[in-house]
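Below is one structure, written out as structure tokens; comments come after it.
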Amino acid sequence: MSPSSATLTPSSRPRTATRSRRPRRSRDLWLGVTGVLIVLAGAETLSRTGIVNPDFLPPVTEMYASLFEMLGEGWFWEALWLTVRGWAIGLAAAMALGIVVGFVIGSSAFLRKFTNSTIEFLRPIPSVALIPLVILIFGTQPQSAFVLVVYAAFWQVLVQVLYGVADVDPVARDTARSYQFGPIRIARSVVYPTALPYIMTAFRLGAAVALILEITAELVIGVDGLGRELGVAQSSGAVPETYALVIVIGFIGVAVNLLVRLIERKALWWHPSVRSEQS
């Protein structure tokens, strides 16, 4: 057999890779589904057999029965909309603010040194520590949740963008300056492509943090949304409804993660990390 005949043709490689990827993805999907079913069956068994007090852990079937009842209620969809809207607006504001501030500070060595101590002082402060302050200023209005979401997600974005800007090749930056590129054009043509993977990482982290703080604000402060309904159900002793709302919030978290991963793959289709996942 000659070396040329043993070499795979270019057209045969993609088909083989595609065939190998599909069984693996299908297997991973079924493993995930099987794991969820085992957990649900275990929780149902613990409750039905009395090993765990049903007053604290009702059967899973009752949780989902309450969930399906909620799907027919107008208040549920209104609360869901308020939660998703608050999350999206807060995350968008944090992303815009974090990217702009990160590009400005990261592009100047003086600003990086000047703001480093301030950033390191403010960043570790938990957002929940601001709850008494936002209640004092805004009460139970949506602005309270907005401030908490923006504050929490902003630091996730800012730090990642600073790392991304610092990772820009100095030779590429100097070359752009030698061609008399302005600051905006340098940011768009040189800094942005390098920082984009960091921005997408910030987007993924910020999306999760924003959802957590949105639910926290609704639950603790009483801002309208699923978190507030969860607190009402818990305080009134409606245990199956409480678990049903927790399940809904979990589904939202999964949907947010899938959406962010999809956007990340679309934006970074050229990046080695994304291409390796698809290979």
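Flag: Ala129 does not match the condition of being hydrophobic (A, V, I, L, M, F, W, C) and at pLDDT 95 or above. Exactly one residue among Trp87, Trp77, Trp30 is touching a Leu at 6+ places or on another chain (Cβ under 6 Å), among the aromatic types (Phe, Trp, Tyr) and surrounded by 10 or more Cβ atoms within 10 Å (Cβ to Cβ), and that residue is Trp87.
Screening segment 105-124 for residues that are assigned to a helix (DSSP H, G or I) and in contact (Cβ under 8 Å) with a residue 12 or more places away in the chain and picking the one that is surrounded by the most Cβ atoms within 10 Å (Cβ to Cβ) gives Gly106. Out of all the residues in segment 187-207, is one or more within 22 Å of the chain's Cα centre (by Cα), on the phi < 0 side of the Ramachandran plot, of a type outside the set (D, E, K, R) and loosely packed, with under 15 Cβ neighbours inside 10 Å? Yes; the residues of segment 187-207 include at least one that is within 22 Å of the chain's Cα centre (by Cα), on the phi < 0 side of the Ramachandran plot, of a type outside the set (D, E, K, R) and loosely packed, with under 15 Cβ neighbours inside 10 Å.
Of the residues Thr175, Thr242, Thr194, Thr201, the single one that is more than 30 Å from Lys113 (Cα to Cα), part of a helix (DSSP H, G or I) and β-branched (Val, Ile, Thr) is Thr242. Cβ-Cβ distances below 6 Å connect the following pairs, each with a first residue in segment 56-84 that is farther than 10 Å from Glu229 by Cβ and modelled with pLDDT under 95, a second residue that is among the charged types (D, E, K, R) and surrounded by 13 or more Cβ atoms within 10 Å (Cβ to Cβ), and a separation of six or more residues or different chains: Pro59/Glu44; Pro59/Arg48; Val60/Glu44; Ser66/Glu241. Tell me, which residue of segment 166-175 that is of a type in the set (A, V, I, L, M) and surrounded by fewer than 18 Cβ atoms within 10 Å (Cβ to Cβ) is farthest from Phe146 (Cα to Cα)? Step by step, filter segment 166-175, then rank; the result is Val171.
This table checks each residue for (1) exposed (fewer than 15 other Cβ atoms within 10 Å of the Cβ); (2) touching a Ser or Thr at 6+ places or on another chain (Cβ under 6 Å); (3) closer than 14 Å to Met70 by Cβ.
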| residue | (1), (2), (3) |
| --- | --- |
| Glu229 | no, no, yes |
| Ala233 | no, yes, yes |
| Gly237 | yes, no, no |
| Glu241 | no, yes, yes |
| Ala244 | no, yes, yes |
| Ile249 | no, no, yes |
| Val256 | no, no, no |
| Leu262 | yes, no, no |
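Find the residue count for segment 176-218, including only residues that are over 30 Å from Val149 (Cβ atoms) and either of a type in the set (Phe, Trp, Tyr) or in contact with a Ser or Thr (Cβ under 7 Å, 6 or more places away or on another chain) (or both). Number of matching residues: 3. Looking at Gly102, Gly86, Gly164, just one residue is within 16 Å of the chain's Cα centre (by Cα) and either assigned to a helix (DSSP H, G or I) or farther than 23 Å from Pro193 by Cβ (or both), and that residue is Gly86. Do you know which residues across segment 49-70 are not in a loop (DSSP other than H, G, I, E, B) and not hydrophobic (A, V, I, L, M, F, W, C)? Within segment 49-70, Thr61, Glu62, Tyr64, Ser66, Glu69 meet the criteria.
Taken over segment 125-142, the residue count meeting the criterion of being assigned to a helix (DSSP H, G or I), small (Gly, Ala, Ser) and surrounded by fewer than 17 Cβ atoms within 10 Å (Cβ to Cβ) is 1. Could you run through segment 105-133 and say how many residues are closer than 22 Å to Pro193 by Cβ and among the charged types (D, E, K, R)? Number of matching residues: 1.
Taken together, Ala145, Ala153 contain a single residue that is more than 26 Å from Pro197 (Cβ to Cβ), assigned to a helix (DSSP H, G or I), of a type in the set (Gly, Ala, Ser) and in contact with a helix residue (DSSP H, G or I) (Cβ under 7 Å, 6 or more places away or on another chain), which is Ala145. For segment 26-34, the count of residues that are out of contact with any Gly (no Cβ under 6 Å at 6 or more places or on another chain), modelled with pLDDT of 85 or more and either outside any helix (DSSP H, G or I) or not β-branched (Val, Ile, Thr) (or both) is zero.
The values are calculated or read from the model by the stated rules, or taken from the named source; none is laboratory data. Remember, it's a predicted structure, so these values are computed and weren't measured experimentally. Please note: Cβ atoms are built from the backbone with ideal geometry, for glycine as well, and neighbour counts cover all protein chains shown.
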